[in-house]
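The values are calculated or read from the model by the stated rules, or taken from the named source; none is laboratory data. What you see is a predicted model, and the numbers here were worked out from it, not measured in a lab. Remember, those area values only see protein heavy atoms, side chains included, never the ligands or the DNA or RNA. Shrake-Rupley method; radii C 1.70, N 1.55, O 1.52, S 1.80 Å.
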Amino acid sequence: MEDRITGVMIYYYFVCKRKLWYFVHEISMEAENENVMLGKLLDENSYQRGEKHINIDNVINIDFIKEHKELHEVKKSKAIEEAGIWQVKYYLYYLKQRGVSGLKEKIDYPLLKKNLLVELAQEDEEQIEQIISDINKMKNQPLPPEFSEGKICTKCAYHDLCFI
Ligand code: SF4
């Protein structure tokens, strides 16, 4: 299993720990998920005028850089906003570790025509280090966390695994 911590793992950490366990154990069903496909479609179609999709070390995926020192992440809804915020804070943390600091990131919600500016505070860095440590521990856990039904289960790609 790889050591890398990706933006998606940080996102799942806040969405559902069981989903995160499936993901870090490379049980992947996301490709067939309609919501993921909608997200991909938005990636491709909402911002077509010269912006880029950037992948750094296969760890973070940034939707585009609009202006100097501002990264952008596209989300289709604010339903799981906290998870999205921590995902982009992790991007800022990751880049800072590699010597690129002073960045901000804007989360765009094109369907809502809204956006949110995210910056990285000192206490965020401490929390991210704790999250990374938790995710690394989860990689060594042989079984997923106990199932607990939540509102997002009906839209989750792992639904069938949890509801057998
Ligand atoms: S179906 Fe629900 S409990 Fe299972 S992984 Fe998905 S969100 Fe988590």
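Numerical summary
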quantity	calculated
Percent RCO, i.e. relative contact order, over segment 74-143, from Cα pairs under 8 Å lying at least 6 residues apart	31
Accessible area, probe 1.4 Å, largest first, for residues THR154, THR6	THR154, THR6
Exposure rank, largest accessible area first [ARG4, ARG18; 1.4 Å]	ARG4, ARG18
Length added when fully stretched, ASN140-GLN127, from 0.36 nm per residue minus Cα-Cα	2.6 nm
